[in-house]
Amino acid sequence: MVIAHFCAALRAAVGDLMASHAEADIRTMLEDPVALGVRIVPSIEAHLASAGATTLADVIAYAWSAPAVHLRAVFDPTQLPSTPLAFAPVPQCQGTALAMVSAVAAFAALGSATISYGSENGGDLFVNLVVIPGTGDIPKKSTKSMSGHTDGVSFPIRGQNDPEDERIAPSPDFVGLCCLRNPDGVPTNVMSLEAVLKGMPDNLVDELRKPQYWITSQRTFESGMHEILGDELVRDDASLLFRVKDTNWIRYSHSNTGPADADSAAQEAIQQFQAGCVQCVQGIELYPGDIVLVNNRIALHGRANVGSEYGGTTRWLLRTYGLDTSSVKPEQRYPDSKFKLFP
């Protein structure tokens, strides 16, 4: 019932805000998602208190124990245009505004700021996840299924620094997906890290902790990395698994991580980890008005095959990121943005 109570409080608090402000004012507020979150969280708390048993502490505890938080029917995706044909821009309309404010508010309630990275899609706070027409790697990838991965895999986890460039900000704590359309019921797949590791022998789990893996930038970051850093962000002595207090955190991508030595226990470990991800898939079917917050530390995510149709009323999600930015340094931010992190 914790998440059901949170959904009701979130929907009510966002509704209060939207009812008392013009859409142009809401767009301005979204330029500073931290301030927007500070403004709306007390309303969420008040609605939770009026309902009784659930507190924000309960919601936060759930979000850090579960692979994903599925927020059902928390906004109304009304007055939508045709599904876009590119990552950006997000069309301006009532439905997208509601989705974005709801995601910002949800992250703020969890103690996370809504953020982006300057090296991905120009640093837009929200991007369209849609089928992109045309030729080339990204249009092709937009139609296909995706294996389990964490986002921002080449960035350090929160609490650590990149070994060669301390300007590199941490990867996100959460990946937020807002569903505007999903007519074919394409599931978002989530894999619990705890479940995957339980299926592996301890010695191979230990191999994942050793600095013996290469990591490269994920596809959507490549061009931005070249523009900002002059090259991809590549590490060849990285660990994939970390112990943070009493919990395991992961960074992993099927296509962007691998063992430095292909004939080693590190290779066996990553093969078993990948196989475990396949065995532990839980599909989440998103309906219009749903948001799912995937924990990017204790879960991996992917999706089923999307198909090749585009535009019209085809599948359309908005994606953004959430991160506890309390330890982010000034040099890891862009001075002209309230939300964009380096690189």
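The values are calculated or read from the model by the stated rules, or taken from the named source; none is laboratory data. Since this is a predicted model, take the numbers as computed values, not measurements. When we count neighbours, we look across all protein chains shown, and the Cβ atoms used for this are built from the backbone with ideal geometry, even at glycine.
Let's see how each residue does on (1) of a type in the set (Ser, Thr, Tyr); (2) under 25 Å from Leu300 (Cα atoms); (3) in contact with a helix residue (DSSP H, G or I) (Cβ under 9 Å, 6 or more places away or on another chain); (4) surrounded by 15 or more Cβ atoms within 10 Å (Cβ to Cβ):
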residue	(1), (2), (3), (4)
Met1	no, yes, no, no
Ala4	no, yes, no, no
Ser20	yes, no, no, no
Asp25	no, no, no, no
Val34	no, no, yes, yes
Gly37	no, no, yes, yes
Leu56	no, yes, yes, yes
query: Any residue in region 77-87 that is surrounded by fewer than 15 Cβ atoms within 10 Å (Cβ to Cβ), farther than 20 Å from Leu10 by Cα, small (Gly, Ala, Ser) and at pLDDT 95 or above?
result: yes
Residues located in region 293-343, provided they are touching a helix residue (DSSP H, G or I) at 6+ places or on another chain (Cβ under 7 Å), of a type in the set (A, V, I, L, M, F, W, C) and in a loop (DSSP other than H, G, I, E, B): Ile298, Phe339, Phe342
task: Look at Leu233 and say whether it is part of a helix (DSSP H, G or I) and over 21 Å from Leu318 (Cα atoms).
output: no
message: Within region 259-304, take every residue that is closer than 22 Å to Val175 by Cβ and either modelled with pLDDT under 95 or among the aromatic types (Phe, Trp, Tyr) (or both) and give me the one that is surrounded by the fewest Cβ atoms within 10 Å (Cβ to Cβ).
response: Tyr287
- prompt: Given Ser102, Ser112, Ser154, which one is among the small types (Gly, Ala, Ser), surrounded by 22 or more Cβ atoms within 10 Å (Cβ to Cβ) and within 14 Å of the chain's Cα centre (by Cα)?
  reply: Ser112
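Can you confirm whether Leu85 is part of a loop (DSSP other than H, G, I, E, B), over 27 Å from Pro335 (Cβ atoms) and out of contact with any Lys or Arg (no Cβ under 8 Å at 6 or more places or on another chain)?
Considered against the rule, which asks whether it is part of a loop (DSSP other than H, G, I, E, B), over 27 Å from Pro335 (Cβ atoms) and out of contact with any Lys or Arg (no Cβ under 8 Å at 6 or more places or on another chain), Leu85 comes out as yes.
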- prompt: Among the candidates Glu207, Glu227, Glu222, Glu194, which residue alone is among the charged types (D, E, K, R), surrounded by 20 or more Cβ atoms within 10 Å (Cβ to Cβ) and either modelled with pLDDT under 95 or part of a helix (DSSP H, G or I) (or both)?
  reply: Glu207
